[in-house]
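FYI, it's all coordinate maths here, none of it is from the lab. Being a predicted model, the structure only gives us computed values, none of them experimental. Cβ placement follows ideal geometry from the backbone for every residue including glycine, while neighbour counts extend to all protein chains displayed.
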């Protein structure tokens, strides 16, 4: 049986490698900026991942939602904490984010 988490991570890793292999300096900088933004700073990593999850939900990016869900779990956030953040995303984004909420919960 295929595992959606494993499949997503394998695809993401494979495609990022392909993208970055011949990428311009600008694209490499964007990837680096994204990586740096989620490191520990005035806010801890878990908080930043919740912020990323909310923004990704409101922007309706399923790949980004999956990415931040995994990082929330890696940071030790509970299902209850993640769901509370997703509730805020739904309030901010409105009913249009409900399909993404469903997929996030399933993932």
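With a Förster radius of 22 Å applied to the beta-carbon distance between residue 36 and residue 2, the computed FRET efficiency rounds to 0.10.
Between [x] 11.0; [y] 9.2; [z] 7.8, which entry matches mean projected area of the Cα convex hull in nm² as derived from the coordinates of this structure? Here mean projected area of the Cα convex hull in nm² agrees with entry [z].
Take the alpha carbon atoms of segment 44-107, find their center, do the same for segment 1-16, and report the distance between the two centers in whole angstrom. Taking the Cα centre of each part, segment 44-107 and segment 1-16 sit 19 Å apart. Could you list 68, 100 so that the one with the fewest beta carbons within 10 Å of its beta carbon is first and the one with the most is last? If I rank by nearby Cβ atoms, fewest first, I get 100, 68. Projecting label points 7 angstrom from Cα along Cα→Cβ for residue 78 and residue 27 puts them 4.3 nm apart. Contact order, relative form, for the chain: 25 percent (alpha carbon pairs under 8 Å, 6 or more residues apart, mean separation divided by residue count).
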